[in-house]
Structure formats: C-alpha cells, structure tokens
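The values are calculated or read from the model by the stated rules, or taken from the named source; none is laboratory data. Since this is a predicted model, take the numbers as computed values, not measurements. Cβ placement follows ideal geometry from the backbone for every residue including glycine, while neighbour counts extend to all protein chains displayed. Note: areas computed on protein heavy atoms with side chains; ligands, DNA, RNA excluded. Shrake-Rupley method; radii C 1.70, N 1.55, O 1.52, S 1.80 Å.
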Amino acid sequence: MWKSAVWLGIPQTEIECKKIFQGDLNGRFAYYRCDLEFNQPAELVIAITANSRYRFWVNGKPVLSGPCKGDRYRHYYEKVVLTDYLQQGLNRFAAQVLLTDSNSIVNQGDERTPILSVASLPAGHRLAIEGQAFSQNGELLADLTTGTAPWRVRLDNSYYLKCKPINVNLGAIAEDIDFALTPSDWKTGEINPADWSKPKELDQVVPNEFMLNAGLLPKFQVKERPIPLLYEIPDILSNELGISSFKGQDTLTVPAHAKQTIIFDYGSITNAYMIYRFAGGNRARVAMTYFEKFINKNRIIHRADFEHGEIEGLTDELRLAGENLCYEPFWFRTFRFVSMTIETADEELVIKLPKLLKTGYPLNPISTIQSSSAAWVKPVWDMCIRTLQGCMTETYMDCPFYEQMQFPMDTRLQALFTYACSEDTQLARKALIDFHHSIIPDGLVQGKYPSSFVQVISTFSLHYIFMLYEYYDQTGDQDLLKYLRSDVDGILEYFDRKIGQDGLVQNLDYWPFVDWQDDWKVSFGMPKAGLSGPSTIINLMYAYALDVGACICEATGRKGLAGEYRLRQEAILDRIQQVCWDEDKGLYREGPRVGQYSQHAQAWAILNKMLAEDDGRRLLETALADSSVISCTFATSYELHRAMVMTGLFDEVENNLRKWSELIDLGCTTCPETPGLTRSDCHAWSALPLLEMIRVIAGISSPEPGWPSILIAPHLGSLTDLSGEAATPRGVVRFSFYKHSEGLNYEVELPAGLEGVFRHPNGTEEILTSGMNQGGLK
C-alpha cells in the first residue's frame with residue numbers, strides 16, 4: 001500500500017511563529033488540510049497513520065481515529081475506503097494530529113501527562129497518507145499522498161490536553177478551549193495562506209533500498225493494523241434527568257445572563273465521540289462533565305439517584321466566540337450521564353441536542369442464554385456483554401473511564417470471556433503479541449502495555465503464561481505457541497531465581513499484586529505474608545504456571561523442558577505442603593509463619609491438584625463457610641470457580657453468580673470493578689458470568705485444543721430449563737435443556753463437521769453428531 005508517501009511534520013517557522021518552546025508541543029494539536037477537486041464521481045482508498053494519534057474528517061464528516069495502538073517496533077496504519085464521503089467538486093480532507101510525548105514531563109501525574117495507553121516516539125507531530133482517487137473507469141483524478149498533494153499544516157498553540165485528578169491514571173484528555181483563540185472552522189473553512197504553513201517533508205514511510213539491505217530500521221516501522229477498524233455508530237443524547245430543558249425539541253435557547261444545568265442519561269455506559277453544536281452565545285461558558293454514576297460517599301445508592309448523589313467525572317470546558325460551532329472532543333468519552341452547565345454573557349446561546357458516535361471493537365457476540373425458571377440469567381448475561389464490549393477498543397482495557405490500560409491479568413480474563421461469547425480471537429492474539437513486545441531484560445512482561453510509561457507487576461507475567469495456553473486451547477494455533485514459548489521460559493526462570501531459604505519464591509521485585517483486599521491494603525494488593533517471606537498464593541500461582549509451561553512445551557515438542565518444569569512444580573508443592581498446611585484449621589496458611597487464610601490459596605491448591613477430589617471439596621467448603629477466611633473478589637473469582645468445578649461444587653458456582661443479579665437492582669448497566677462502594681462501574685474482569693454460564697451451567701466446552709470435538713455437560717442447579725446458542729471455533733451450537741424428576745432432556749444442534757458427547761449430571765454419556773440431537777434420561 002505504501003509507495004511514495006513521506007511523513008509530514010511541522011516546519012520550524014510555524015513553531016517559532018506560535019511561540020512554542022522545547023518540550024511544549026506535548027498534548028497539543030496540529031491540523032492538516034488538503035483540498036482536491038474531482039470533476040466526476042471518484043473512488044478513493046487510502047492508507048493513513050500519524051504520530052502520535054489522529055482523527056480524520058472528509059468534507060466535515062468524521063471518518064476514523066488511529067493509529068491502532070502499537071509500540072517502537074510496530075507503528076500501525078489504517079486502510080480505509082473514502083468513496084462514500086466524496087462529492088463531485090471540491091473535497092476537503094482534514095486530520096487532527098495529537099503529540100503525546102512521555103519524554104517531556106517529569107512525573108506521571110503531571111497535568112500534561114501523555115495518554116498512558118499510547119506508546120509514542122518523541123518524533124513530533126507527523127502525518128502520512130498514501131492514496132489516489134480514480135474515476136469509475138480507472139482514470140486518475142487526484143493524488144492525496146503526502147509529499148505529492150498540496151497539504152498544509154497549522155499548529156494550535158491556544159490550549160493543550162489536561163490530566164485531571166479524576167483520570168490521573170489515564171493521562172491528559174480533558175479539553176479547556178477558548179474559541180476566541182482557537183480556530184473553529186479548520187476542518188471545512190477556506191485555507192488562508194497566512195494561517196496555514198507548508199508542512200516539512202521528513203523521511204519516507206517506506207525505507208530506501210540501502211536501509212533495507214543494511215538492516216537499518218526506520219524510526220517508524222509501519223505495519224497494517226492486525227484487527228478490524230472500530231465501529232462508529234451515530235446516536236443522539238436526548239433523555240434528561242429531572243425537569244426537561246429541551247422539552248422534546250432538538251434545540252434549546254439559553255437567554256443572555258443566565259445559568260442552566262442539564263443532565264442527560266444515556267441509559268447505559270458507553271464509549272463515544274461527542275458532537276456538540278452551538279450558535280451565538282459570545283463569551284458564554286459551557287462545561288460538559290461525563291460520569292458513570294451518581295455517587296454517595298457514605299452509602300451505596302442507585303446509579304441514577306440524582307437526588308441523593310453527587311457528580312464526579314471528567315469535564316471539558318469551553319468559552320464560545322459567538323459563531324456557529326461544531327465542537328468534537330478529540331478522544332472518546334466514557335459515560336452514562338453527561339452534565340452540561342451553561343453560563344451565558346451578553347448574548348443568548350442556541351444549543352442543539354448533543355450527537356454522539358458510539359465506538360468500540362466490532363465484537364459480534366453470538367452466544368445467548370436464557371431461562372424461564374431463573375429471570376436473573378438473561379439480564380446478567382446482557383450486563384456482562386455490555387461490560388466486555390465497553391472494555392474493547394484497539395486493545396482490551398481494564399476500564400474505559402479511569403485507565404483504558406491493557407493489563408495481563410485483566411486481559412487474560414477478558415479473552416476467556418470473548419471466547420465464550422464470540423468466534424473472534426483477533427484482539428486476544430494482538431494482546432499476546434503486545435505483551436511479547438513489552439518484555440524487560442529481567443524476563444517479565446510489563447504490567448500494562450502498550451503504555452507511555454513502564455510498569456511491571458511481577459505476578460501478571462504468570463497470567464500471560466495462562467493466557468497464552470488458553471489461546472492455544474481455544475484456537476489450536478501452534479504457530480503462535482512456538483513463537484512465544486521462549487517468553488514462558490524467561491518468566492519461569494525469573495521466579496526460579498527468587499526461591500529463598502524456605503524453598504519457596506519470595507522477595508519479588510516490582511509489584512506482586514494478587515487482589516484488592518482490605519487486609520492487604522498495607523501491602524498494596526499483595527498478600528501480607530509477602531512483606532516478611534513467601535506468599536502461599538504467589539507460590540501456588542508459580543507452581544500452576546510451571547504446569548501450564550510444561551503443557552506448552554509438550555504441545556510444541558519440547559518434552560525435556562516440560563519434564564524439568566514438572567519437577568520444579570513438584571518441589572514447590574512439596575514445600576507448601578510441609579510448611580504452609582495447618583492441620584488444625586484444615587486450610588493452607590498464607591505463608592509459613594503467617595496465620596492468615598484465604599479462599600485464593602485453597603483454590604490455587606486445588607488447581608495444582610494437591611488434594612484428591614473429596615479432600616479438595618472439604619477444603620473448599622471449609623474456606624467458603626469460615627467468615628474469617630479472606631474472600632475472593634470479582635477479580636479473582638475465576639480461579640475460585642475453577643476449584644469449585646474441579647471438586648464438584650457446581651451449586652456454589654450458581655450461588656456466587658447471583659451476586660451479579662443484585663447489581664441490576666442498583667441500576668448497574670455494566671459490571672463494576674468490585675461490588676459495593678466501587679471506583680469503576682465498567683470493569684471487564686468482572687464479566688465472569690459470561691464464561692460460567694456457557695462453560696459450567698450450559699456445560700459447553702471441548703476436551704482438546706482447537707475444538708476438534710465437543711463435550712456438553714450441563715449443571716443447571718436450581719434452574720429447571722436453559723436454552724441459547726454458544727459460539728465455538730467450529731460454528732454455533734444451539735441448545736435447550738429441560739430438567740424433570742428423573743433427569744435431564746436435551747436438544748442440541750451441532751454445526752457441520754462437529755461431533756462429541758453429552759454427559760448427564762450422573763455421568764451417563766450419549767453420542768452427539770452434526771445436526772440436531774435429542775435425548776435424555778427418562
């Protein structure tokens with residue numbers, strides 16, 4: 001796709017004219033414009049990329065944002081068809097380019113902290129486009145390629161993006177703009193030569209032959225994005241809380257010298273590019289605050305309780321210049337509610353109902369599930385689907401409102417939830433490649449990536465190992481397993497180097513996070529035992545990673561290394577049994593000399609097969625019944641549920657899932673980070689019911705990697721019926737289960753080429769073939 005395009009930058013004269021000094025370009029925008037005439041209908045496909053981020057318009061219509069998040073060795077570009085945006089005659093192409101530079105600030109919490117989820121090079125504002133417009137009969141009409149087309153650039157020195165306390169872990173995205181100083185018509189207005197400079201032509205996008213032959217890497221190693229373009233679906237923000245201001249109309253006039261606040265409720269948390277339209281209102285002030293819920297710091301309230309709750313969110317602030325204005329914040333906003341406060345001066349202000357473009361990764365959730373005997377099943381499923389979708393853009397995100405970061409622990413769970421509801425594995429594959437590129441010299445993957453700042457969470461490297469094998473289990477993709485298997489050895493060697501005098505891993509560097517627990521606040525989410533010695537949980541996680549590493553080695557033909565890993569696992573488990581088992585309590589202590597107990601440790605012990613099934617069941621029942629034992633939160637319930645399944649405690653899985661149904665009564669439309677007084681109200685590590693409903697309650701899984709066959713072993717518990725569809729790599733499985741006094745009847749339709757087994761709760765099995773299957777115990 002790339003041929004002759006060059007990178008366009010800002011000329012020094014433009015920087016000097018705008019009085020921008022070294023280090024002061026961070027968080028600022030450069031506007032690029034090109035006008036082309038087409039004398040007949042045209043077809044145009046372009047490749048586009050920028051440093052650090054861009055948003056692109058054609059004839060005033062937003063097209064897309066990018067580039068897809070990469071890193072130093074992968075600077076992605078987008079390929080996009082512009083034909084439907086073109087018109088006969090004059091066409092105006094506009095790009096807004098943001099520089100987000102981590103080298104220009106001192107502390108990560110500075111006001112101008114670059115967007116944390118963007119790994120950018122300190123190479124200035126840049127734009128590159130390759131594309132030619134052709135007529136329908138193949139005649140060349142115009143060339144939009146940078147370095148060839150008449151592009152112009154304008155640097156905006158009137159404002160920069162800001163980081164505010166509400167989003168200190170996200171970076172600077174809040175906008176504070178005075179439109180008396182900022183150009184408002186740069187997307188569609190005339191290009192005045194006095195205001196627009198000729199851009200500086202930098203290096204070619206494609207390296208020259210000498211560089212290629214000599215192995216000299218270009219500054220930007222441009223690659224096509226490996227995932228689909230994000231969707232942008234138009235909608236309008238119209239539902240108001242309290243007394244309506246718009247009164248069912250699409251236009252509101254605020255008189256001069258007035259102050260008014262409007263609160264919109266979109267109905268559920270969403271990610272969207274906002275579009276605001278104003279007329280008049282010279283020197284009026286407008287502030288838009290985006291928030292997930294109303295909060296009461298003393299008690300839990302309904303999410304929409306505006307009478308007893310307060311607003312706490314991200315705010316954009318505008319000062320208007322009395323002209324017709326279409327204002328579009330550069331970065332997407334996350335919200336359920338939007339509070340708009342207007343304060344006019346000497347002139348009335350006309351406001352249109354806000355528009356929005358909902359955005360996200362184009363996940364296609366195929367799986368569905370419902371039960372007439374359990375009304376909570378479908379609402380919980382729908383809530384979890386919204387949560388997962390809300391945390392998927394160019395990467396998986398822990399939460400879209402506060403951080404937007406791809407953490408290995410969160411991402412591992414999100415990938416599993418994706419497999420349960422969709423056939424799509426592209427974002428999971430990209431995440432694994434992202435983490436591979438993040439590895440530090442110690443052998444660990446970074447704790448969040450891509451990122452403008454390095455953070456290492458040592459335990460998250462273990463989740464990377466789990467995620468890698470689970471991806472293989474879902475896809476059967478042995479090539480990726482071979483490509484990344486050396487990462488596994490580096491991580492396991494790091495943990496092996498940390499074995500201390502107890503024969504257990506201890507004194508881990510960086511941040512050995514396990515779970516947010518009140519009892520572990522002093523250790524910042526690490527089991528408190530880790531402050532003075534080994535943590536049982538972390539050692540059991542490491543032991544399990546050794547077992548998973550052995551499975552990876554066996555799957556890729558390295559049986560000798562697999563044997564070594566299993567010997568190391570055995571040694572760790574033997575030491576835990578010797579020094580961490582409390583015979584009187586019947587539980588594993590959280591360290592050799594620490595009298596603390598957790599559900600986490602017992603679950604990981606069961607996953608490591610340290611006990612026979614009956615002993616494991618008693619262990620887990622003890623941990624669940626004893627209120628002094630630290631409970632798993634939403635974030636760590638996955639391993640707890642796996643232990644329940646391994647020990648036959650299926651009813652406990654169902655009982656635990658009912659916690660999610662309680663959230664709906666509180667007005668939650670997505671799953672919060674934790675129950676109770678939580679921070680984020682959309683946090684995808686909490687969407688666990690997606691997996692449990694399909695894999696445990698409906699019981700749909702595969703006994704082998706890549707799904708060559710299927711096993712259906714439902715456990716309905718208190719439910720008397722269950723039906724739906726389940727996505728698999730081999731196609732959609734349709735199912736209906738009906739429980740009666742003698743057993744279970746079923747209807748299962750399998751896609752062509754897929755066969756397997758239906759296993760009843762009592763262990764009886766029936767053969768399943770492609771097409772419709774009916775059976776059951778009478």
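Of everything in segment 252-267, what is surrounded by fewer than 19 Cβ atoms within 10 Å (Cβ to Cβ), closer than 30 Å to F56 by Cα and in contact with a strand residue (DSSP E or B) (Cβ under 6 Å, 6 or more places away or on another chain)? Give them in sequence order.
Matches in segment 252-267: L252, D265.
Those residues that are open to solvent by 60 Å² or more (accessible area, probe 1.4 Å) and either modelled with pLDDT of 95 or more or not small (G, A, S) (or both), I need them from segment 730-745; list them, please.
R730, R734, Y738, K739, H740, E742
Using the structure shown, decide if F38 is touching a strand residue (DSSP E or B) at 6+ places or on another chain (Cβ under 8 Å) and modelled with pLDDT under 95.
yes
Among the numbered conditions (1) surrounded by 18 or more Cβ atoms within 10 Å (Cβ to Cβ); (2) in contact (Cβ under 8 Å) with a residue 24 or more places away in the chain, tell me where Q446 comes up short.
The single condition Q446 does not satisfy is (2).
One line per residue, one yes/no per condition, for (1) surrounded by 19 or more Cβ atoms within 10 Å (Cβ to Cβ); (2) touching a Leu at 6+ places or on another chain (Cβ under 8 Å):
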| position | (1), (2) |
| --- | --- |
| G313 | yes, no |
| L318 | yes, no |
| G322 | no, no |
| L363 | no, yes |
| S371 | yes, yes |
| D382 | no, no |
| E394 | yes, yes |
| C399 | yes, no |
| Y402 | yes, yes |
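Among the residues in segment 174-193, are any in contact with a helix residue (DSSP H, G or I) (Cβ under 7 Å, 6 or more places away or on another chain) and not acidic (D, E)?
no
Does any residue in segment 665-689 that is over 19 Å from F417 (Cβ atoms) and at pLDDT 90 or above come within less than 8 Å, Cβ to Cβ, of a residue that is crowded, with 20+ Cβ neighbours inside 10 Å and of a type outside the set (D, E) six or more places away or on a different chain, and which pairs are these?
So the pair list comes out as L666/R303; G667/K293; G667/R303.
So if I check each of V63, V106, V97, which one is free of Cβ contacts under 8 Å to residues at least 40 places away in the same chain and either open to solvent by less than 10 Å² (accessible area, probe 1.4 Å) or in a loop (DSSP other than H, G, I, E, B) (or both)?
Unique residue meeting the criteria: V106.
If a residue counts only when it is at pLDDT 95 or above and among the hydrophobic types (A, V, I, L, M, F, W, C), which strands (runs of 3 or more DSSP E) contained entirely in segment 187-303 have at least 2 such residues?
Where strands (runs of 3 or more DSSP E) fall fully within segment 187-303 and carry at least 2 residues being at pLDDT 95 or above and among the hydrophobic types (A, V, I, L, M, F, W, C), they are 231-236, 251-254, 259-280, 285-291.
Just give me the residues in segment 324-361 being in a loop (DSSP other than H, G, I, E, B), over 24 Å from V63 (Cβ atoms) and open to solvent by 40 Å² or more (accessible area, probe 1.4 Å), in sequence order.
Result: D346, E347, E348.
Would you call R679 open to solvent by 10 Å² or more (accessible area, probe 1.4 Å), charged (D, E, K, R) and under 30 Å from I311 (Cα atoms)?
Spelling it out, R679 is indeed open to solvent by 10 Å² or more (accessible area, probe 1.4 Å), charged (D, E, K, R) and under 30 Å from I311 (Cα atoms).
If you scan segment 2-21, which residues turn out to be assigned to a loop (DSSP other than H, G, I, E, B) and open to solvent by 100 Å² or more (accessible area, probe 1.4 Å)?
K3, K19, F21
Given the options T425, T459, name the one that is β-branched (V, I, T), open to solvent by 20 Å² or more (accessible area, probe 1.4 Å) and under 25 Å from A687 (Cβ atoms).
Criteria check complete, one pass: T425.
Just wondering, is there one or more residues in segment 219-234 that are open to solvent by 30 Å² or more (accessible area, probe 1.4 Å), within 22 Å of M392 (Cα to Cα) and out of contact with any Lys or Arg (no Cβ under 9 Å at 6 or more places or on another chain)?
The answer is yes, given that some residue of segment 219-234 is open to solvent by 30 Å² or more (accessible area, probe 1.4 Å), within 22 Å of M392 (Cα to Cα) and out of contact with any Lys or Arg (no Cβ under 9 Å at 6 or more places or on another chain).
So which residues in segment 762-774 are open to solvent by 20 Å² or more (accessible area, probe 1.4 Å) and assigned to a strand (DSSP E or B)?
Those that are open to solvent by 20 Å² or more (accessible area, probe 1.4 Å) and assigned to a strand (DSSP E or B): E765, E766, I767, G771, M772, Q774.
So the check is Cβ under 9 Å with 6+ separation or different chains; which pairs have a first residue in segment 203-226 that's closer than 16 Å to I46 by Cα and touching a residue at least 40 places away in the same chain (Cβ under 8 Å) and a second one that's open to solvent by 60 Å² or more (accessible area, probe 1.4 Å) and basic (K, R)?
Correct list of pairs: V205/K3; V206/K3; E224/K79; R225/K79.
G753 - would you say it is without any contact (Cβ under 8 Å) to a residue 24 or more places away in the chain and either of a type in the set (A, V, I, L, M, F, W, C) or closer than 21 Å to Y419 by Cα (or both)?
Here the answer is yes, as G753 does meet what is asked.
Would you please name the residue that is nearest to Q599 (Cα to Cα), looking only at residues in segment 499-539 that are free of Cβ contacts under 8 Å to residues at least 12 places away in the same chain, open to solvent by 30 Å² or more (accessible area, probe 1.4 Å) and assigned to a helix (DSSP H, G or I)?
D518
For segment 624-643, what are the residues that are in contact (Cβ under 8 Å) with a residue 40 or more places away in the chain and over 28 Å from the mean Cα position of the chain (by Cα)?
If the condition is that a residue be in contact (Cβ under 8 Å) with a residue 40 or more places away in the chain and over 28 Å from the mean Cα position of the chain (by Cα), then V629, I630 are the ones that fit.
Can you tell me which of P122, P114 is open to solvent by less than 10 Å² (accessible area, probe 1.4 Å) and closer than 18 Å to F220 by Cβ?
P114
What number of residues in segment 746-761 are open to solvent by 20 Å² or more (accessible area, probe 1.4 Å), modelled with pLDDT of 95 or more and in contact with a Leu (Cβ under 9 Å, 6 or more places away or on another chain)?
Residues in segment 746-761 being open to solvent by 20 Å² or more (accessible area, probe 1.4 Å), modelled with pLDDT of 95 or more and in contact with a Leu (Cβ under 9 Å, 6 or more places away or on another chain): 3 in total.
Applying the selection to segment 462-476, what residues are among the charged types (D, E, K, R) and either surrounded by 24 or more Cβ atoms within 10 Å (Cβ to Cβ) or in contact (Cβ under 8 Å) with a residue 60 or more places away in the chain (or both)?
D473 - this is the single residue of segment 462-476 that is among the charged types (D, E, K, R) and either surrounded by 24 or more Cβ atoms within 10 Å (Cβ to Cβ) or in contact (Cβ under 8 Å) with a residue 60 or more places away in the chain (or both).
Identify all residues within segment 605-636 that are of a type in the set (G, A, S), open to solvent by 50 Å² or more (accessible area, probe 1.4 Å) and closer than 27 Å to L690 by Cα; write none if there are none.
A625, S631 - these are the residues of segment 605-636 that are of a type in the set (G, A, S), open to solvent by 50 Å² or more (accessible area, probe 1.4 Å) and closer than 27 Å to L690 by Cα.
Within segment 66-94, track down each residue that is in contact (Cβ under 8 Å) with a residue 40 or more places away in the chain, farther than 23 Å from P183 by Cβ, aliphatic (A, V, I, L, M) and open to solvent by 20 Å² or more (accessible area, probe 1.4 Å).
Within segment 66-94, L86 is the sole residue that qualifies.
May I ask you to say which residue of T261, T251 is touching a Lys or Arg at 6+ places or on another chain (Cβ under 8 Å), more than 21 Å from L64 (Cβ to Cβ) and among the hydroxyl-bearing types (S, T, Y)?
Just a single option satisfies the conditions, and that option is T251.
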